[in-house]
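Here is the structure we will look at, set down as structure tokens.
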């Protein structure tokens, strides 16, 4: 599948229902790398009006998914771990971007790094994650995602 067709588009009909809920934009994708962005909505906030840690983790995991998908592997992967350091907050209404790089794609394990920035390039969060090859079947991204 040519993932370039999704670049610059808001993703709202992909194989990931949780990712669709984010309404993120795929800003960049190449083999082993992906960048997504979104505006923090009120329903993503903690009681202080900043992005909730769970929401930050969700967008990180979604960005990781795009980077792993870009490998065009025969395998399907699921997370073994997701280690997130929350460094700064970001308020509702502000925009952020996450960038994931595949560090190593082995036969069974994929290791990635993800960094989340605000639009002033302040590092909001950083993450490392390992994913493992699985026999589970994934749903394909539907054509409507780009319409």
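Values for this structure:
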{"quantity": "Residue satisfying all of: in the stretch 34-56; free of Cβ contacts under 8 Å to residues at least 40 places away in the same chain and in contact with a strand residue (DSSP E or B) (Cβ under 7 Å, 6 or more places away or on another chain); surrounded by the fewest Cβ atoms within 10 Å (Cβ to Cβ) among these", "calculated": "53"}
{"quantity": "Any hit, the stretch 114-123, residues being part of a loop (DSSP other than H, G, I, E, B) and either at pLDDT below 95 or crowded, with 16+ Cβ neighbours inside 10 Å (or both)", "calculated": "no"}
{"quantity": "Residue 98, sole failed condition from (1) touching a strand residue (DSSP E or B) at 6+ places or on another chain (Cβ under 7 Å); (2) farther than 21 Å from residue 6 by Cβ", "calculated": "(2)"}
{"quantity": "Matching option when the condition is assigned to a strand (DSSP E or B) and under 16 Å from residue 30 (Cα atoms), among 100, 128", "calculated": "100"}
{"quantity": "Residue in the stretch 85-92 that is within 22 Å of residue 132 (Cα to Cα) and either assigned to a loop (DSSP other than H, G, I, E, B) or at pLDDT below 95 (or both) present", "calculated": "no"}
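The values are calculated or read from the model by the stated rules, or taken from the named source; none is laboratory data. Every value quoted in this text rests on a predicted model; they were computed, and no experiment measured them. Backbone-built Cβ (ideal geometry, glycine too); neighbour counts: all protein chains shown.
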